[in-house]
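Values quoted throughout were computed directly from the atomic coordinates according to the rules given, and no laboratory measurement underlies them. Because the structure is a prediction, the values reported are computed rather than measured. No Cβ is skipped: glycine too gets one built from the backbone with ideal geometry, and neighbour counts run over all protein chains shown.
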Amino acid sequence: MWNWLCTITIVEITSIIQAIAVVAVAYPAFKGLTSWRTHLLGKKKIELAEEALVLAYELEGLIEWSRHPASWGGEGEDRPNRENEEENIQRRNDSYYSRVSRLSEGDELFARLRKTKVMFRAYFGEEAQEALQTFTVVRNQISSAVSMLINHAGEHDYPVNLRQRHQEVIWDHSDGDNLDAFRQRIIDAVAEIERVCGPVLEKR
């Protein structure tokens, strides 16, 4: 009987030792996997922060250029259905459309923005993603205002206040330190992205 008990005890002890050995081997592996995953997530967050910040700066410059009040010879001549317009209306509409032409130079930037926004929201939250969305919203507002101005060109009964409102969208009316509303929105969006991404990039 005693030998049987000793045998059982030795077997149990052996099982316990084996279990401890498995845990001893598995725990460092699990810890290493967790550390690797944390490192990978941290690296992805840094890459996203870099991409978002670079995009913000590039899009800020693009929108500022698109709203510059001056237009140059040849700009806007890629506008469709312009051939049958009177010369003065055609010139004015080309000037309006030059805003869209300038924005189209950044199509690749906006394509990158669409991809980045989804992941950026997952890593940085809804509020941070809304700052990135500002660039798309402003672009769409400029395009819409240009369409309204062209569609109602030459209509003398079109309300003056509406025409002025559309022109305030497509042209930068900033005066020195007095920034117009659209310029200020873009600056605020860039500042928010800097605020969110800055601490992440400082940890590199």
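So is residue 195 charged (D, E, K, R), without any contact (Cβ under 8 Å) to a residue 12 or more places away in the chain and buried (at least 16 other Cβ atoms within 10 Å of the Cβ) or not?
On the way: charged (D, E, K, R): yes; without any contact (Cβ under 8 Å) to a residue 12 or more places away in the chain: yes; buried (at least 16 other Cβ atoms within 10 Å of the Cβ): no.
No.
Yes or no, residue by residue, for (1) within 23 Å of residue 59 (Cβ to Cβ); (2) of a type outside the set (Phe, Trp, Tyr):
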| site | (1), (2) |
| --- | --- |
| 109 | yes, yes |
| 118 | yes, yes |
| 158 | no, no |
| 161 | no, yes |
| 186 | yes, yes |
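Tell me, which residue of the stretch 148-178 that is more than 27 Å from the chain's Cα centre (by Cα) and among the polar types (S, T, N, Q) is farthest from residue 85 (Cα to Cα)? If you could, list the steps in order and put the result at the bottom.
Step one: filter the stretch 148-178 for residues more than 27 Å from the chain's Cα centre (by Cα), giving 149-164, 175-176.
Those still in the list that are among the polar types (S, T, N, Q) too: 151, 161, 164.
Values: 151: 12, 161: 24, 164: 22 Å.
My answer is 161.
How about the stretch 103-204: which helices (runs of 4 or more DSSP H) wholly inside it have at least 2 residues that are within 22 Å of residue 71 (Cβ to Cβ) and of a type outside the set (A, V, I, L, M, F, W, C)?
Values: elements: 107-124, 126-151, 160-170, 181-202.
Output list reads 126-151, 160-170.
For residue 68, work out the one condition from (1) more than 18 Å from residue 170 (Cα to Cα); (2) of a type outside the set (Ser, Thr, Tyr); (3) outside any helix (DSSP H, G or I); (4) in contact (Cβ under 8 Å) with a residue 12 or more places away in the chain it doesn't fulfil.
Evaluating residue 68 over (1) more than 18 Å from residue 170 (Cα to Cα); (2) of a type outside the set (Ser, Thr, Tyr); (3) outside any helix (DSSP H, G or I); (4) in contact (Cβ under 8 Å) with a residue 12 or more places away in the chain leaves (1) as the failure.
Counting just the residues of the stretch 75-105 that are closer than 19 Å to residue 171 by Cα and basic (Lys, Arg), which one comes out farthest from the chain's Cα centre (by Cα)?
First, pick out the residues of the stretch 75-105 that are closer than 19 Å to residue 171 by Cα: 75-77, 79, 89-105.
Retained after the next criterion (residues that are basic (Lys, Arg)): 79, 91-92, 99, 102.
Details: 79: 28, 91: 34, 92: 32, 99: 20, 102: 19 Å.
This residue is 91.
Considering only the stretch 134-142, I want to know if a residue exists there that is surrounded by 16 or more Cβ atoms within 10 Å (Cβ to Cβ) and under 23 Å from residue 201 (Cα atoms).
From the stretch 134-142, those surrounded by 16 or more Cβ atoms within 10 Å (Cβ to Cβ) are 134-135, 138-139, 142; that's our starting set.
Now drop any that are not under 23 Å from residue 201 (Cα atoms), which leaves 134-135.
Within the stretch 134-142, one or more residues are surrounded by 16 or more Cβ atoms within 10 Å (Cβ to Cβ) and under 23 Å from residue 201 (Cα atoms).
May I ask you to list pairs of residues, at least six apart or on different chains, whose Cβ atoms are under 7 Å apart, with the first in the stretch 50-64 being closer than 17 Å to residue 107 by Cβ and touching a residue at least 60 places away in the same chain (Cβ under 8 Å) and the second being aromatic (Phe, Trp, Tyr) and assigned to a helix (DSSP H, G or I)?
59/135; 63/135
Across the stretch 93-133, what is the number of residues that are among the β-branched types (Val, Ile, Thr) and crowded, with 16+ Cβ neighbours inside 10 Å? Give the derivation first.
Quick first cut of the stretch 93-133, residues among the β-branched types (Val, Ile, Thr) only: 100, 116, 118.
If we keep only those that are crowded, with 16+ Cβ neighbours inside 10 Å as well, we get 100, 116.
The total comes to 2.
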